[in-house]
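Here the structure is laid out as structure tokens; the discussion comes afterwards.
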Amino acid sequence: MAGRINDDDVKAVRDAVPIDAVVSEYLQLRNAGGGNLKGLCPFHDEKSPSFQVSPAKGLFYCFGCQEGGDTVDFVMKIDHLSFAETIERLAGLAGITLRYEEGGYTPGRQQGERIRLVEAHKHAAKFYVEQLDSPEAEIGRAFLASRGFDQAAAQHFGVGYSPAGWDHLTRFLRGKGFSDKELILSGLAQDSRNGRPIDRFRGRLMWPIRDITGEVIGFGARKLRDDDNGPKYLNTPETPLYKKSHVLYGIDLAKKDIAKTSRAVVVEGYTDVMACHLAGVTTAIATCGTAFAGDHIKILRRLLMDNSGAEVVFTFDGDAAGQKAALRAFEDDQKFAAETSIAITPGGMDPCELRLAEGDAAVQALVDTRTPLFAFAIRQVVARHNLDTAEGRAAALEAAAPIVANIKNGSIQHEYAVQLAGMLGILDTQFVVRRVGQLARWARERGVRPGEGQGGARQHRAASAAPQQAPARGGPALNLRSPAHRTERELLKLALQRPELVAPAFDAYGEDEFTAPPYVAVRRAIEQAGGVTQAAEDYLARVRDVAPDDTVRAMVTELAVEAIHNKNVDEIYAGVQLVQVRLRAVERRIEEVQGNLVRLGAQAAPEHLTAVQNELWVLEQYGRSLKDRGAAAL
């Protein structure tokens, strides 16, 4: 089994794919001066571009949200991939064959196998799309039209048709060089009674299911004919590529808008996703033949970045099954940092039927008029009890109060406690408020959700561990009004961007010559990477690699991308920064020594007093020399 990707291959991938070519696929870049490019940041909303790309250094940095890194970091962040998956994807773009070593992670079984299966699906998707234009596929085109989807809509979502024969796709893919073993492993074919593979999907309308990067990894097939004895929807089986619990249909189309708007809309089917997107609700996604569960939550959490201002909207029919599904979704509410809401479709219509009956505006209004999921859950729980009796009201309170206590926002929690008292007809509103507060307080003390037992506590802590333990971004505060901090920053930018201008003098500078803790950390990283004198082609990468944590690494990236504040960046300008940083360090030491002399006083031992006086004299002479001779005195 393949293991960790070979280090030389990782470096080859980093060098082969220009960062500006990758970034420009996601946003428009324009000249920022100094060889840099700028654009609107894809990681946060902004009106003025603060996102900069340095093609020469292979780095990006946003001065608004502090996201930064190299090409690999960018793809990992924007497409929410692991390191190995990112290297494999970029290697495919660059045409680089990766080698693997034992002891590491690789998705699937082997990289070669995964590439083959992805290629098979790519060819199959194209084949199905072409078949949708065939005379046999008239029934499929009629189905789409009956749901309000024209040819352009079908093309946008890659909808196709699988011929009704036994082995049309199998023969087509064999002609492309794929083996029978690969076709069965991919789930595109299955064994027949005579031992020869046949097509898994026959005579059906086909939806390609893509992963978050846009690669086709499976299909959803809809029955069209009465003589088809199979299920209404038939999906790809579990394969090395396709795990239904790890896939959200439409995520490739919705991911950017989900990240941008901090909202995801969860619907129930392929046609619902199509209807929502065509109606302007471009954050709609759906599960693929399975209930919305833990692994789907993980996908959305990565996209929503555990933002407490984010929202997940579930759409369900208003019937009993829809209400049951909504309550099941509410059970997972605490696994999101985002708020969860519910949009109940009118008249039992799904979003596709709603769009067909009332138009795009009705679909948008459905989402806009959503209700907090906890409010829906409270009403459902209260409705189960007889509120005409004292016993019924007490039971309803004990059932609903934990739900209210579970609301994350304290002020909203209080408001719903007051509303709960009104729903139950309990005149003593403060009694209900105190009961809710008591449950919330007990839960916080025990580290559990209100109403949970011991087992629930363990589950809740596990679900909450990631967001609670996530390190805070940013480092110690910098005072850029301070002349010392400004000069130290400028010198470090030169050391990272133009090391030849400050070598070899910079390597003799101690950490104590930098007064800002973040700059001390960057100075240390430069030293550990070999210093400016040893700077080579991979110099910046080495500095970033030895950085002790993401905060220091982000500061290195920021300083490597930020423009140097002088039109003429030459040895003279570099010398001025070197001198100013050294001179301020000398002046600080002079003040310390003068303070020592005062503290020693006349009672000090003569030899000790003489040594301190000599140090002061040497420092003062060195300071005058720096002022008079500049960089020549270093």
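The values are calculated or read from the model by the stated rules, or taken from the named source; none is laboratory data. Being a predicted model, the structure only gives us computed values, none of them experimental. Cβ: placed from backbone, ideal geometry, glycine included. Neighbour counts: every protein chain shown.
Being modelled with pLDDT under 90 and either under 27 Å from the mean Cα position of the chain (by Cα) or not assigned by TED's automatic domain parsing to the domain that holds Gly425 (or both) is a property that Arg355 lacks.
Among the residues making up region 623-632, a single one is farther than 17 Å from Tyr573 by Cβ and either crowded, with 16+ Cβ neighbours inside 10 Å or not assigned by TED's automatic domain parsing to the domain that holds Ala585 (or both): Gly623.
Quick grid of which residues meet (1) over 21 Å from Asn566 (Cβ atoms); (2) in the same structural domain as Glu85 (by TED's automatic domain parsing); (3) surrounded by fewer than 20 Cβ atoms within 10 Å (Cβ to Cβ):
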residue: Ala12; (1), (2), (3): yes, yes, yes
residue: Pro18; (1), (2), (3): yes, yes, yes
residue: Glu25; (1), (2), (3): yes, yes, yes
residue: Gly34; (1), (2), (3): no, yes, yes
residue: His44; (1), (2), (3): yes, yes, yes
residue: Pro49; (1), (2), (3): yes, yes, yes
residue: Val53; (1), (2), (3): yes, yes, no
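Given the criteria assigned by TED's automatic domain parsing to the domain that holds Leu494 and farther than 18 Å from Leu494 by Cα, does Leu540 qualify? Here the answer is no, as Leu540 does not meet what is asked.
Of the strands (runs of 3 or more DSSP E) lying entirely inside region 128-209, those containing at least 1 residues that are more than 24 Å from Glu113 (Cβ to Cβ) span 160-162. Total residues in region 516-548 satisfying the condition of being surrounded by fewer than 16 Cβ atoms within 10 Å (Cβ to Cβ) and either over 29 Å from the mean Cα position of the chain (by Cα) or more than 21 Å from Lys11 (Cα to Cα) (or both): the figure is 7.
In region 199-213 there is no residue matching the filter, namely being within 15 Å of Gly140 (Cβ to Cβ), over 37 Å from the mean Cα position of the chain (by Cα) and hydrophobic (A, V, I, L, M, F, W, C).
Being crowded, with 24+ Cβ neighbours inside 10 Å, in contact (Cβ under 8 Å) with a residue 24 or more places away in the chain and assigned to a helix (DSSP H, G or I) is true for just one of Asp272, Asp295. Which residue is that? On inspection, the qualifying residue turns out to be Asp272. The set of residues from region 150-196 being in contact with a Leu (Cβ under 8 Å, 6 or more places away or on another chain) and β-branched (Val, Ile, Thr) comprises Val159, Thr170.
Check region 72-93 and report whether any residue there is basic (Lys, Arg), not assigned by TED's automatic domain parsing to the domain that holds Leu559 and not in a loop (DSSP other than H, G, I, E, B). Among the residues of region 72-93, at least one is basic (Lys, Arg), not assigned by TED's automatic domain parsing to the domain that holds Leu559 and not in a loop (DSSP other than H, G, I, E, B), which makes the answer yes.
Which residue, of Ala503, Ala508, is surrounded by fewer than 21 Cβ atoms within 10 Å (Cβ to Cβ), touching a Ser or Thr at 6+ places or on another chain (Cβ under 9 Å) and more than 24 Å from Gln52 (Cα to Cα)? Result of the check over Ala503, Ala508: Ala503.
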